[in-house]
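Before any comments, here is the structure.
The values are calculated or read from the model by the stated rules, or taken from the named source; none is laboratory data. In this text, all values refer to a predicted model and were calculated from it rather than measured experimentally. A quick note on method: Cβ atoms are made from the backbone with ideal geometry, for glycine too, and the neighbour counts reach across all protein chains shown. SASA here: full protein model, heavy atoms, side chains in, ligands and nucleic acids out. Shrake-Rupley method; radii C 1.70, N 1.55, O 1.52, S 1.80 Å.
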Amino acid sequence: MSLPLLARALGLAVALAGLAACRIESAAPASGAANTHEGAPSGEVWVYTSMYQHVLDAMEPLLKQKLPGVTVRWYQAGSEKVASRLEAERAAGAVRADLLSASDPFLVERLAREGAFLPYASVHVLRAPRALVDLDARYASIRVSTMVLVHREGSPPPPASFAALVDGSWKGRVAIGDPLTSGTAFTWAVFCHSRYGEAYFTGLREHGALVAGGNAAVLQKVESGEADAGVLLLENALAARARGSRLHIVWPTDGAVTIPGPVAILAGTPNPVAARAVVDVMLSPEGQRLIVEKGDMHAVDPRLPGPRGEPGVDALLRRTQPWTPPLLEQGLTRGSAIKEAFSRAFAR
């Protein structure tokens, strides 16, 4: 991006953020009492999200405290189901969602290019690392998930990298998610396809990788002993270890895969004031702390530590494969081809 274009984009983001700051301040309740003056956020906001239910449950009291006049309703499901419901509603011309909070950054970018979102730059987003910021303010990352390697205690020495999964040393003993049904597994597949080509999928199949569905299924196969190692979300591994699982986390030498979780306001929302206010709460220090402490994910606020003693987001981004415009383009324009390549490899 040229410097003049970057300056204009940043200038727009700052201006929008300044307006957002004024709006949220004027809507904030004074001394804990509900603020009823004109312009305060009120009414109903529907959020379609793949966020874990227990994180949403923890977010509810904060939203009620910060936005007493707003009723937040959730449609919570896996990323593929959320996408299917939203697409069906768009096709019918009857979108109920005011906000989309997804774990599929390719879906969000595609919808953004189609003009599905109302641009908004919360004042809080200016703290986030630049790699996680959309300069056009079409959406904002509120969380970062990370795909790592895991292995069961007592198993042979773990694979050191994603590339090692196809070198033959872990034949028949590795579980992976299914990119055809799991949004996070698809993002991981895009990274691996970009780096190692279609032959990587063939190598996984030839060396007996177990396709397990979603992250919960991968975790179950490793914990049960059906697989010795797996490709898993860091948040799932941390939560499993916290409840006593004999699981070890391996940061792959070829770079873990980060998966930004964006939130976006649907362009047709009948309640944009309240929708913006909900975004502000999610990106606030209190909301970001819940992402870390309840969700075991990384916040986008670099002032916060990572989950369960992990370093914060700045350190995370230094040890992961970088998001680049070509990578995003590959997931958008070649996503179907990548899924077809995976299907061909595992249909043999």
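Picking from residues in segment 257-280 that are among the hydrophobic types (A, V, I, L, M, F, W, C), crowded, with 24+ Cβ neighbours inside 10 Å and touching a Lys or Arg at 6+ places or on another chain (Cβ under 8 Å), the one that is farthest from residue 151 (Cα to Cα) is 277. So the check is Cβ under 8 Å with 6+ separation or different chains; which pairs have a first residue in segment 226-242 that's under 26 Å from residue 290 (Cβ atoms) and a second one that's open to solvent by 30 Å² or more (accessible area, probe 1.4 Å) and charged (D, E, K, R)? Cβ pairs passing all conditions: 234/310; 238/308; 238/310; 240/223; 241/308; 242/308.
Which of the residues that make up segment 65-92 are among the small types (Gly, Ala, Ser) and modelled with pLDDT of 95 or more? Working first, answer last.
Taking segment 65-92 first, the residues among the small types (Gly, Ala, Ser) are 69, 77-79, 83-84, 88, 91-92.
Those that are among the small types (Gly, Ala, Ser) and modelled with pLDDT of 95 or more: 69, 88, 91, 92.
The criterion of at least 1 residues that are in contact with a Pro (Cβ under 8 Å, 6 or more places away or on another chain) and over 26 Å from residue 332 (Cα atoms) is met, among helices (runs of 4 or more DSSP H) falling completely within segment 171-248, by 234-242. Residues that are in a loop (DSSP other than H, G, I, E, B), surrounded by 13 or more Cβ atoms within 10 Å (Cβ to Cβ), in contact (Cβ under 8 Å) with a residue 24 or more places away in the chain and not β-branched (Val, Ile, Thr) within segment 289-333 comprise 296, 297, 299, 301, 302, 310, 319, 323, listed in sequence order. Here the condition is being farther than 26 Å from residue 325 by Cβ and either in a loop (DSSP other than H, G, I, E, B) or touching a residue at least 40 places away in the same chain (Cβ under 8 Å) (or both); of 154, 115, it holds for 154 alone.
Considering 263, 281, the condition of being in a helix (DSSP H, G or I), closer than 22 Å to residue 313 by Cα and touching a helix residue (DSSP H, G or I) at 6+ places or on another chain (Cβ under 7 Å) is satisfied by 281 alone. For residues that are within 18 Å of the chain's Cα centre (by Cα) and buried (at least 20 other Cβ atoms within 10 Å of the Cβ), tally how many sit in segment 82-96. Result for segment 82-96: 3.
Kindly indicate whether residue 73 is farther than 18 Å from residue 288 by Cα and either open to solvent by less than 50 Å² (accessible area, probe 1.4 Å) or free of Cβ contacts under 8 Å to residues at least 60 places away in the same chain (or both). Give the steps one after another, and end with the answer.
Working: farther than 18 Å from residue 288 by Cα: yes; either open to solvent by less than 50 Å² (accessible area, probe 1.4 Å) or free of Cβ contacts under 8 Å to residues at least 60 places away in the same chain (or both): yes.
It is true that residue 73 is farther than 18 Å from residue 288 by Cα and either open to solvent by less than 50 Å² (accessible area, probe 1.4 Å) or free of Cβ contacts under 8 Å to residues at least 60 places away in the same chain (or both).
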